[in-house]
Amino acid sequence: MPPKKENSGCGCSSIPISFLIIVLGVGYWSLTHLNDLGIKKFLPDAISKLLPNRQTPPAQQPTASIATAPIVIPTPSQRVAVIQSPSQQSLPTGISQPKSPVPLPKSPVKSLSQSRWEKKAIRGIYLSRYQVTNNASEQMIRDRVRYYRKQGMNTIIHGVWGNGCTMYNSQVMQQTFGYKSCPNQFQDQWLDWLIDEAHQQGMQVHAYFEKGIKIDKNSPIFDLAISKRWIVPGVDKTYAGIDHYVLDVEIPEVANLFKKISVEFVRKYPTIDAVQWDDYLGYHAALPGKIDRTARLTSFVRQLRSGIKQANPAVSFDLCHHNPYWGKRYFAADWQNWQIDRVFIQVYNDANFRQELEYAKNYAGVAISEKQLHRLKELVSNPKIKGVLVFPYAGKPEEAASLVKKTLQ
């Protein structure tokens, strides 16, 4: 009998098919997860490249639509609002709740200088005779008043007289000279509109008797004044660049003209808050003759004030002049005896600023130019300075008012 042969097969035929399927599945899974198991790095590169590369698909972004959150308008006691989900429910996966409230834009906070500025009794801007009146409609005038209010002003000092004539229709001018006003294109109601709008805005209007008792060669009454000898001998050269001639108020006809004009004005505009005269109410010491006119000028001003108060007791009679020493010494203006209601000290000479402030502390305030706005914060911080008037030397009051606001910010 031939010898029995060894079985050379693997015996796979006797292995159940289900077991083979399980082995193959586990093997395939192992190959595809070699990287996860940390085994792949131990295999040769040639083999690793042949193995399937399993990549993790990116997470799918949520497609849920989130309603835009409403913005809560703050009450006076609230400064911020929170952007909220429609019902404060949990948000879909991937959307996080805001970590902190989202602040709304705040109203501009006033600086300390602005707050102190608003406490000043008078915050005024000068407007010369032609800076509102000429060809101005009612809307233009009202808009300008509101503009100055937004810049922090509470008083407009507007020229109503200057260089020998009025900036309104005057019966006194008509009877005396044959024309009713300065040569200007203005609507008769311009000052009514100005006063009305200012009062609506909580502001005051002061009538500025610009140039006072002085005229120049461009005055419509110059020739008549020369012919009638209404002029004090000599030329007033107080200010460089222009020659002024001083009307002599010692002449009864001249004194009566000013009294009539003043009384007519405060009656025609009974709601005007004040009338203001300036340093042109005076005789410069350099005039020839070396005549002391101090006492007679004092008598004239007192009579002028008395007439105004009788016609309209509510009107304040104001003055913006040099300090009392300089006024009396160089301009025959002893205004401390003029019975003035309010006095503002001119501080246009910046070199004497400190000395002038010592005078100003005792009166209604100071007048400065836009070139001196670097002094404004100092004036505002000084509680003894009760008011500040700004004179636009450049003739641009809107720009000057804007600079005031910027300086205080």
When segment 243-276 is checked residue by residue, the ones that are of a type in the set (Ser, Thr, Tyr) and under 18 Å from Cys165 (Cα atoms) are Tyr245, Ser262, Tyr269
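Results for (1) surrounded by fewer than 17 Cβ atoms within 10 Å (Cβ to Cβ); (2) not charged (D, E, K, R), shown as yes or no for each residue.
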{"residue": "Val132", "(1), (2)": "no, yes"}
{"residue": "Asp143", "(1), (2)": "yes, no"}
{"residue": "Tyr147", "(1), (2)": "yes, yes"}
{"residue": "Trp161", "(1), (2)": "no, yes"}
{"residue": "Cys165", "(1), (2)": "no, yes"}
{"residue": "Met173", "(1), (2)": "no, yes"}
{"residue": "Cys182", "(1), (2)": "no, yes"}
{"residue": "Asp192", "(1), (2)": "yes, no"}
Within segment 224-238, is even one residue modelled with pLDDT of 95 or more, touching a Phe, Trp or Tyr at 6+ places or on another chain (Cβ under 6 Å) and surrounded by 14 or more Cβ atoms within 10 Å (Cβ to Cβ)? yes
Would you mention how many residues in segment 127-147 are under 17 Å from Ile272 (Cβ atoms), touching a residue at least 60 places away in the same chain (Cβ under 8 Å) and either among the aliphatic types (A, V, I, L, M) or touching a helix residue (DSSP H, G or I) at 6+ places or on another chain (Cβ under 7 Å) (or both)? 2
Do we have Glu253 as part of a helix (DSSP H, G or I), of a type in the set (Asp, Glu) and over 20 Å from Ile226 (Cβ atoms) here? no
If the Cβ limit is 7 Å and pairs must be 6+ apart or interchain, which residue in segment 324-347 that is without any contact (Cβ under 8 Å) to a residue 60 or more places away in the chain and within 14 Å of Val366 (Cβ to Cβ) pairs with which residue that is acidic (Asp, Glu) and part of a helix (DSSP H, G or I)? Ile345/Glu356; Val347/Glu356
Touching a residue at least 60 places away in the same chain (Cβ under 8 Å), of a type in the set (A, V, I, L, M, F, W, C) and surrounded by fewer than 22 Cβ atoms within 10 Å (Cβ to Cβ) - does that describe any residue in segment 251-269? yes
Within segment 205-242, how many residues turn out to be over 16 Å from Val160 (Cβ atoms), assigned to a loop (DSSP other than H, G, I, E, B) and either under 34 Å from the mean Cα position of the chain (by Cα) or not hydrophobic (A, V, I, L, M, F, W, C) (or both)? 13
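On the given criteria, is Ile345 at pLDDT 95 or above, closer than 16 Å to Gly212 by Cβ and among the β-branched types (Val, Ile, Thr)? So that I can check it myself, show each step before the final result.
On the way: at pLDDT 95 or above: yes; closer than 16 Å to Gly212 by Cβ: no; among the β-branched types (Val, Ile, Thr): yes.
So Ile345 fails the test.
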Total residues in segment 341-382, condition more than 23 Å from Ser316 (Cα to Cα) and assigned to a loop (DSSP other than H, G, I, E, B): 3
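Can you confirm whether Trp193 is in a helix (DSSP H, G or I), touching an Asp or Glu at 6+ places or on another chain (Cβ under 7 Å) and not β-branched (Val, Ile, Thr)? Spell out the reasoning first.
Details: in a helix (DSSP H, G or I): yes; touching an Asp or Glu at 6+ places or on another chain (Cβ under 7 Å): yes; not β-branched (Val, Ile, Thr): yes.
Taking the combined requirement at face value, the residue satisfies it.
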Looking at Tyr179, Tyr168 in this structure, which one is at pLDDT below 95 and among the aromatic types (Phe, Trp, Tyr)? Tyr179
Taking segment 208-250 and keeping residues closer than 28 Å to Tyr393 by Cβ, in contact (Cβ under 8 Å) with a residue 40 or more places away in the chain and charged (D, E, K, R) leaves Glu210, Lys211, Lys214, Asp216, Asp236, Lys237
Residues in segment 267-303 that are in a helix (DSSP H, G or I), touching a helix residue (DSSP H, G or I) at 6+ places or on another chain (Cβ under 6 Å) and farther than 30 Å from Ile195 by Cα: how many? 1
How many of the residues in segment 109-119 are surrounded by 19 or more Cβ atoms within 10 Å (Cβ to Cβ) and assigned to a loop (DSSP other than H, G, I, E, B)? 0
What residue, among those in segment 318-333 that are hydrophobic (A, V, I, L, M, F, W, C) and touching a Ser or Thr at 6+ places or on another chain (Cβ under 9 Å), is nearest to Ile272 (Cα to Cα)? Ala333
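The values are calculated or read from the model by the stated rules, or taken from the named source; none is laboratory data. All figures in this text were calculated on a predicted structure; none of them were measured in a lab. Please note: Cβ atoms are built from the backbone with ideal geometry, for glycine as well, and neighbour counts cover all protein chains shown.
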